[in-house]
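Undergrad: Handing you a structure now.
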Amino acid sequence: MNIMSWLQFPLYLIVLLLLVKPLGLYMARVYQGERTFLSPIIVPLEKLVFRIAGISPDDEMTWKTYALMVLIFSLVGFCFLYLLLRLQHVLPFNPQGLGSVSPALSFNTAVSFVTNTNWQSYAGETTMSNLSQMLGLGVQNFFSAATGMAVLIALIRGLSRHATNKLGSFWVDLTRSILYILLPLSLILAVLLVSQGVVQTFQGNVVSQTLDHTSSVVSQTLPLGPAASQVAIKQLGTNGGGFFNVNSAHPFENPTPFSNFLEMLSILLIPAALTYTFGRMVGDTRQGWALLAAMTIILVLMASIAIKAEFQGNPAFASMGIDQSAGNMEGKEVRFGVVNSALWATTTTAASNGSVNAMHDSFTPLGGLVPMWMMMLGEVIFGGVGSGLYGMLAFVVIAVFVAGLMVGRTPEYLGKKIEIHEMKMAAIIVLIPVVTVLFGTAIAVVSSSGKASIYNAGPQGFSEVLYAFASAGNNNGSAFAGLNANTTFYNIALGISMLIARFALIVPVLAMAGSLSQKKSIPASSGTLPSHTPLFIGWLIGVIIIVGALSFLPALALGPIVQQLMLGTGRLF
């Protein structure tokens, strides 16, 4: 491992952190209805959208109405996408003449993209028409991301407002998230990606003649399509669904080291900046910086472990005399190498992104444990756009509550008393993904339908199933592979997991926001626990890690942990 390899990691962090304040400040102004530099262009469009939809920006909602609108909007999106996939064979923009998507796969895919999970049990270039990719998957990339951002803003209003039951308008928050934030950023990123060679065309597949005339393979089919536009929003919206089967390991989605850097930066850009938005909107930017610090510390720790594990290589290969001076390159692109592959794996599972530029199934057991555990923390270490921060705030509520019990005081956060209702909602938010992942994995490994498509034996096969449900149960979407998930059992089981992990969390988040908004502000006193200090940051990190370790350590011991111990003996699975 050389110094230039390690410098890629700090460079990435420096650029990311430098963008937090300007983007976070801009988003705060957007959600507070203040003028921005894009207002002259977007305000007329925003008013037109409101007029067509019959939306009054001044009509605010209670938490129950807000939650109902989220559920209705998501249900309509699911139904539309399901029908589009089922009927794509008779619809236009299908140059490959692809057939209808099966009912179970259509259900899984529609749920996946509506919930911002973007789990893919299919190969995009051989399954989805251009219309399905653009009008179906691409549109839901915007809508699902904006929904998570809107729910977060409602929670922030619950923390910052006093003696009111109004949390704003879901339709206004949704519209502004798309028009002011997601669309402009996606346009910029798409143009940059096209400049690097990411394809963007309505042309169908191209057949190319090979140069090696001694081979029996004389031609190759090159899949094309409007990829750059979808890649941009898949990264910025922490969606992650690839236009092509191998996602951002495909040279048409991610052709150069610079495109790799741009895409990886985009994964955490909005989640990181939202911490500053939060601090600005609650009137104390120190709160946002504290949350960002906690997230960054855990990210740095876990990414370092993954990079180190992958650089050490596979001892079984070493005994065969295979050169591993570049680290464990199995399943990795040469143009990216170990650092960018391991760093991407950590960031994509820190966020609820799920895109990949290397095959996680080929990582060493310890290297593969890192992305799995990042998801198991609840994907609150940056997390999805909106969803990551509202999940982190649930952990903050728990940390404040436990700390209050220790000193015998009523817990407070941002001038609001944290009482039994808020604690119940926070517990539900933290525990629902745990139950979903463990129950789903248990059912899969004991049922004949679940075991039928596990292609690897021993702890590796178990890890693949555990990873799949950790991914679905935390709205991530990445996979270990080695598991055929395009079966009726896995399409339905993972689809149900995705629904629970998304909406069984959104409702208690909004319920907690509604309760907090009605409370009066309490002045800080000498007994109030400061929630922006290094002590609190350390305490919050401890709570997050302890909950993750206690919840999943037994399951991890049956998979990557025991496999790492057996790897030293030369046992491979």
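Here, each number is a calculation from the coordinates, and none is a lab measurement. Note that this is a predicted model, so its numbers are computed, not measured. Backbone-built Cβ (ideal geometry, glycine too); neighbour counts: all protein chains shown.
Undergrad: By counting other Cβ atoms within 10 Å of each Cβ, how are Thr436, Thr109, Thr349 ranked from fewest to most? It would help to have the intermediate numbers written out before the result.
TA: Working: Thr436 22, Thr109 30, Thr349 33.
Going from least to most buried by this count: Thr436, Thr109, Thr349.
Undergrad: Something else now. Want the number for Ile522 to Ser219: 0.36 nm per residue separation, take away the alpha-carbon distance, what's left? Could you put the intermediate results ahead of the total?
TA: Values: separation 303, 0.36 × 303 = 109.08 nm, distance 7.20 nm.
101.9 nm is the gain from fully extending Ile522 to Ser219.
Undergrad: Quick one, which of (i) 29.6, 94; (ii) 24.3, 73; (iii) 23.1, 81 is the actual Rg and Dmax of the Cα atoms in Å calculated for this model?
TA: So the calculated entry is the one marked (iii).
Undergrad: Another question, then. Just to verify a number: FRET efficiency for Ile443 and Arg335, C-beta to C-beta distance, R0 = 51 Å, to 0.05? Walk me through the intermediate numbers first.
TA: On the way: r = 40 Å, r/R0 = 0.78.
The calculated FRET efficiency here is 0.80.
Undergrad: Among Gly461, Val543, Ile233, which residue has its Cα furthest toward the positive end of the charge dipole of the chain, with +1 on Lys/Arg Cβ and -1 on Asp/Glu Cβ?
TA: Highest projection toward the positive end goes to Val543.
Undergrad: Let me ask something else. Which order do Asp173, Asp58 fall in if you start with the one that has the fewest other Cβ atoms within 10 Å?
TA: Ordered by Cβ neighbours within 10 Å, fewest first: Asp58, Asp173.
Undergrad: With a Förster radius of 30 Å, plug the Cβ-Cβ distance of Phe50 and Ala504 into 1/(1 + (r/R0)^6) and report the FRET value to the nearest 0.05.
TA: Details: r = 31 Å, r/R0 = 1.03.
Result of the calculation: an efficiency of 0.45.
Undergrad: With the contact rule set at Cα under 8 Å and sequence spacing of 6 or more, what percent relative contact order holds for the chain?
TA: 19
Undergrad: Using alpha-carbon positions, what is the distance between the centroids of region 483-501 and region 96-118, in Å?
TA: The distance from the Cα centre of region 483-501 to that of region 96-118 comes to 11 Å.
Undergrad: I've got another one for you. Among the listed pairs Lys332/Lys451; Lys166/Lys416; Lys21/Lys520; Lys21/Lys234; Lys47/Lys166; Lys308/Lys332, which have their C-alpha atoms separated by more than 18 angstrom in this model?
TA: Beyond 18 Å between Cα atoms: Lys332/Lys451; Lys21/Lys520; Lys21/Lys234; Lys47/Lys166.
Undergrad: Sticking with this one: State the extension gain, in nm to one decimal, for the chain segment bounded by Val435 and Ala123, taking 0.36 nm per residue of separation less the distance between their alpha-carbons.
TA: 109.4 nm
Undergrad: Would you mind working out the magnitude of the charge dipole of region 385-567 relative to its Cα centre, with +1 at each Lys and Arg C-beta and -1 at each Asp and Glu C-beta, to the nearest 20 Debye?
TA: 360
Undergrad: I've got another one for you. Just rank Phe258, Phe278, Phe78, fewest to most, by other beta-carbon atoms within 10 angstrom.
TA: Phe258, Phe78, Phe278
Undergrad: Something else about it: Name the residue farthest towards the positive end of the dipole of region 398-508 from the options Ser497, Asn484, Ser447, assuming +1 on Cβ of Lys and Arg, -1 on Cβ of Asp and Glu, about the Cα centre.
TA: Result: Ser497, furthest along the dipole toward the positive end.
Undergrad: Given Cα pairs under 8 Å that are at least 6 residues apart, what percent is the relative contact order of region 385-567?
TA: About 28 percent, as a whole number.
Undergrad: Provide the packing ranking of 437-443, 219-225, 204-210, 331-337, i.e. peptides ordered by the mean count of other C-beta atoms within 10 Å per residue, highest first.
TA: 437-443, 331-337, 219-225, 204-210
Undergrad: Between Val207 and Asn245, how high is the FRET efficiency from 1/(1 + (r/R0)^6) when r is the Cβ-Cβ distance and R₀ = 22 Å? Nearest 0.05.
TA: 0.75
Undergrad: Is there a quick way to get the dipole size of the chain? I mean about its Cα centre, with the Cβ of Lys and Arg at +1 and of Asp and Glu at -1; what is the value in debye to the nearest 20?
TA: Value, rounded to 20: 1340 debye.
Undergrad: So for region 385-567, what percent of the C-alpha to C-alpha distances run longer than 26 Å?
TA: Values: 6875 of 16653 pairs.
Summing the P(r) tail past 26 Å for region 385-567 gives 41 percent.
Undergrad: To continue, here is another question. Among the complete DSSP H segments of the chain, which ones combine at least 24 Å of alpha-carbon extent along their axis with a mean Kyte-Doolittle hydropathy of -0.5 or more? Before the final figure, lay out the partial values.
TA: Details: long enough: 3-31 (42 Å, 1.49); 63-86 (35 Å, 1.68); 139-160 (32 Å, 1.31); 257-281 (36 Å, 0.98); 285-312 (40 Å, 1.16); 387-407 (31 Å, 2.30); 420-446 (38 Å, 2.04); 488-517 (44 Å, 1.63); 534-556 (32 Å, 2.30).
Counting only whole DSSP H runs, the qualifying helices are 3-31, 63-86, 139-160, 257-281, 285-312, 387-407, 420-446, 488-517, 534-556.
Undergrad: Could you give the length gained on full extension between Ala318 and Leu38, defined as 0.36 nm per residue of separation minus the Cα-Cα distance, in nm?
TA: Here the answer is 95.2 nm.
Undergrad: Where the eigenvalues come from the Cα gyration tensor of region 469-573, what are the semi-axes √(5λ) of the equivalent ellipsoid, largest first, in whole Å?
TA: They are 38, 24, 8 Å, listed largest first.
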